[in-house]
Structures are given as structure tokens and as C-alpha cells.
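In what follows, a structure is listed as C-alpha cells, so that the remarks can point back to it.
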DNA sequence: AAATTTGTTAACCAAACGGTTAAACTATAT
DNA sequence: ATATAGTTTAACCGTTTGGTTAACAAATTT
């Protein structure tokens with residue numbers, strides 16, 4: 001049953017690497033720290049993943065493959081536009097509570113390594129905006145929403161949902177609340193954000 | 001006139017350090033690279049700033065002192081609420097074009113070092129939301145805007161303005177446009193964002 | 001102009017880093 | 001039981017890192 005043992009170790013490494021990389025980034029992460037967290041020898045990291053770069057890429061891709069389905073909830077879901085926005089804003093908060101460092105990690109590393117986006121794009125399941133575009137122009141033609149470019153609306157949805165987590169330390173200081181009260185604000189945003197968006201676009 | 005020469009070197013170091021730190025972060029920056037960019041010996045960095053940490057803190061505080069006045073345009077300006085939102089969204093884009101890495105740098109390092117916010121907060125000119133709160137509740141009472149918590153509105157304004165730059169590589173890929181077309185989208189946001197916000201809250 | 005302080009450099013250092021090696025251990029197959 | 005293949009470790013290696021030193025150069029002071 002060496003297969004099981006191997007998979008266990010490999011999984012332990014990935015779990016440990018995910019935590020360290022997501023908190024400290026590629027540059028700030030240390031192989032020794034990952035090994036310690038996985039409770040194994042440092043050499044084992046290289047036995048399973050050859051280099052820091054390859055381990056990082058494994059973690060990054062796995063992180064993005066968790067994020068992509070969330071984004072597809074806006075882009076490729078069949079439900080009604082308003083309903084979709086409501087559902088997304090609600091589920092996204094729950095998602096980030098489960099994976100607090102993930103969106104920031106993905107965005108940060110993409111900023112430091114923009115070419116990396118090409119690798120992601122070529123993979124299947126990479127979210128596409130085309131369906132969403134049709135849905136928006138349909139809604140405009142049917143007189144349900146005011147004219148707006150689908151790209152702008154999509155960006156707005158992303159902004160309002162993702163940034164409160166990425167900008168948390170800054171926003172907490174500016175709004176002048178502690179962690180508990182900021183969490184209450186985030187909790188309220190589950191419904192608040194969808195309302196804010198729909199108010200803006202509905203006729 | 002050694003004062004002038006000193007200040008020049010010190011300034012050269014700060015300029016170089018700002019570029020390197022903002023692009024690569026504290027963990028990714030190398031003292032040698034900063035020295036090279038400033039065209040001086042590495043030992044001089046330590047002569048003027050003693051350690052990487054202190055040099056970083058100097059850069060960070062200087063970066064934040066550029067950002068703070070921008071934020072105060074929303075929080076402590078005397079103009080009318082709608083006018084304020086319009087002006088801010090327009091001027092923020094210009095600001096980020098001038099300092100492309102700055103907001104991301106501040107937010108990223110605050111995430112990796114949340115205690116740092118305390119140091120910023122204690123300094124004068126740290127933006128405060130209290131005036132904005134009054135303005136919002138006044139506008140609600142006068143029936144100009146729908147009821148909304150000032151904190152939520154402020155967070156929304158921040159989201160819609162800051163995130164398009166921080167999330168640029170991701171958003172570019174999702175919206176499926178190249179840099180030129182993304183810049184056009186950003187250009188449109190100068191007016192689009194304020195419109196979006198005001199549409200949502202006005203009665 | 002001599003002395004002192006300030007600015008600058010080349011050479012160096014110890015620690016930390018990513019990565020390698022060779023040997024030991026474990027488990028299955030023969 | 002023994003060979004074989006996969007797993008794990010301790011010890012090691014060369015390089016890079018932030019930081020220091022000691023000597024030199026330039027400017028100020030006396």
C-alpha cells in the first residue's frame with residue numbers, strides 16, 4: 001500500500017506549502033518552514049516536487065482551481081441576472097471565510113508574475129465572460145436594466161466582493177472598527193452588495 | 001554644503017528603494033538591487049538607514065503619506081457628496097497612473113504585517129471617517145440618498161476605485177482583453193464608477 | 001594647512017537559503 | 001530470506017543574503 005503512504009505525504013506537503021505560500025508569498029516562504037509544518041525532512045520536499053518553483057506552481061494551480069468555480073457562478077451560471085448577483089455575493093463571503101488567504105494570494109502572485117496568467121488561461125475550466133455578456137445585453141434590450149457594458153458590470157461585481165477581504169487591514173483602520181465589528185460589516189455585505197449593485201442597474 | 005550632497009544620496013536611495021520594494025515587496029527586495037539602482041555601494045544603504053527593515057519602513061511611510069491625501073478627498077473634503085464621489089473617482093485613476101504599484105504595495109504589506117497599521121494610525125493626517133459619516137446621515141435625512149451605512153458606502157467607493165488596479169492581471173484575463181483595451185476600460189471608469197455609485201444611492 | 005568630521009568604497013563575514021548526496025529504512029515481490 | 005524499488009533522513013554544498021569593517025576620499029572646522 002505504498003500508494004497510500006505516498007499520497008499522504010504528498011498531500012501533507014501540499015497542505016503545508018499552501019499555508020506557508022498563501023501567507024508569505026513565493027518570495028517570503030521558506031522550504032524549511034514548509035518541511036517543518038509538514039513534519040518531514042526538507043529533502044523530501046525536493047523528492048516530491050523537485051524545486052521551490054514547482055512546489056509553488058502546484059500550490060498556485062490548486063488554489064486557482066478552487067477560485068475558478070466561484071467566478072463561474074457569475075459568468076456561466078444559467079440563473080436570472082439579479083438572482084445570480086445575489087447568490088454570488090452571498091456564497092463568495094462563505095468561500096473566503098473557508099479560504100481566507102486564497103484570493104489575495106492568487107492576485108498578489110499574478111501581479112508579481114503576470115506571465116503566469118497565460119498558464120492558467122490555457123487550462124480548461126478557465127472562466128469566460130462571453131455568456132455573461134449575452135445575458136447583460138439581453139437584460140438591457142428587455143428593459144430590465146439600464147445600459148451598461150458587461151465588462152464594467154463584471155468588474156464592479158468583482159471589486160465589491162473581493163476587495164473587502166484583500167483590503168481588510170487598510171479598510172479596518174480607515175473605517176475605524178475592530179476585527180469583530182469588521183466581520184459584522186462583512187456579514188452585512190452578503191446582502192448589502194447585491195442590493196447596491198441591483199439598485200444601480202435596475203430600471 | 002554637505003547637507004545637499006547628503007540629501008541627494010538619501011533621496012536617491014529612497015527613490016530606488018521605493019521602486020524595488022513596491023515591485024517586489026519586502027521579502028522579494030534585495031539590498032544589492034536597491035544599491036545598484038541608486039548607483040551606490042551597498043554599505044551606504046546601511047550607513048543611511050541601518051537595516052533593510054528601517055529602509056522599508058521609511059519607504060512604506062512615504063508611500064502611505066502619498067496615499068492618505070487621496071483618501072481624504074473622500075473623507076474630509078467639504079464638497080457635496082455626489083460631487084465628491086465624482087471628483088474622487090476621476091482623480092484616483094490619475095493618481096494610480098502616476099504611482100502604479102503604490103496602492104497594491106501598501107495593501108499587500110499591511111496584509112503581511114497587520115500590526116503595521118498601528119504605526120500609521122498614530123501619525124497625524126491619518127484619514128478619519130467621522131466627517132464622512134455625518135455627511136452621509138445628513139444626506140439621508142434630507143432625502144437625497146437612500147438609507148445606507150456610511151461604512152458600507154465608503155467601502156464600496158474604495159472597492160470600485162482601488163481593486164481594478166490591484167486585480168488588473170486577473171481581471172484582464174477574465175474580461176479577456178489586452179493591456180490597451182483594459183486601459184480604455186479603466187479610462188471609462190473615471191466617470192462610470194461615480195455614475196454607478198450615485199445611481200445606486202440617489203432617490 | 002592641519003585636524004576632524006562626514007561620505008563612500010572594497011573586501012569581508014556569518015547565517016540562511018535552495019538544493020544534493022549517500023546511506024538507511026520500509027514494504028512489496030521473488 | 002533475499003533482492004528490489006520506493007521512501008525518508010542526516011549531513012553536506014555552493015550561493016545568496018543582510019550586514020560589518022577598515023581604509024580611503026571629500027568636505028568642514030579649527
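The values are calculated or read from the model by the stated rules, or taken from the named source; none is laboratory data. As the structure is a prediction and not an experimental result, all values here were calculated from the model. A quick note on method: Cβ atoms are made from the backbone with ideal geometry, for glycine too, and the neighbour counts reach across all protein chains shown.
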Single match in A:161, A:76 (criterion: under 15 Å from the mean Cα position of the chain (by Cα) and either in the same structural domain as residue A:26 (by TED's automatic domain parsing) or more than 27 Å from residue B:27 (Cβ to Cβ) (or both)): A:161
Checklist (1) modelled with pLDDT of 95 or more; (2) within 14 Å of chain A (Cβ to nearest Cβ); (3) surrounded by 14 or more Cβ atoms within 10 Å (Cβ to Cβ) applied to residue B:81, failing item: (2)
Unique residue being within 14 Å of chain A (Cβ to nearest Cβ), more than 17 Å from the chain's Cα centre (by Cα) and away from DNA strand C (no atom under 16 Å from the Cβ) when the list is B:115, B:109, B:33: B:115
Residue within region A:47-64 that is exposed (fewer than 15 other Cβ atoms within 10 Å of the Cβ) and under 20 Å from residue B:168 (Cα atoms) present: yes
Residues of region B:122-147 classified as more than 8 Å from every other protein chain (Cβ to nearest Cβ) and farther than 16 Å from residue B:74 by Cα, total: 10
Single match in B:117, B:93 (criterion: touching a residue at least 12 places away in the same chain (Cβ under 8 Å), outside the structural domain of residue B:25 (by TED's automatic domain parsing) and farther than 14 Å from residue B:75 by Cα): B:93
Test for residue A:169: is it modelled with pLDDT of 95 or more, surrounded by fewer than 19 Cβ atoms within 10 Å (Cβ to Cβ) and touching a helix residue (DSSP H, G or I) at 6+ places or on another chain (Cβ under 7 Å): no
The listed residue being under 21 Å from residue A:28 (Cβ atoms), near DNA strand C (Cβ under 10 Å from one of its atoms) and within 14 Å of chain A (Cβ to nearest Cβ), out of B:63, B:27: B:27
Only one of B:43, B:38, B:17 that is within 13 Å of DNA strand D (Cβ to nearest atom), away from every other protein chain (no Cβ under 14 Å) and over 28 Å from residue A:105 (Cα atoms): B:43
Filter result for residue A:67 (within 16 Å of DNA strand D (Cβ to nearest atom), in a helix (DSSP H, G or I) and buried (at least 16 other Cβ atoms within 10 Å of the Cβ)): no
Residue list for region A:37-48, filter: within 27 Å of residue A:96 (Cβ to Cβ) and either within 11 Å of DNA strand C (Cβ to nearest atom) or free of Cβ contacts under 8 Å to residues at least 24 places away in the same chain (or both): A:37
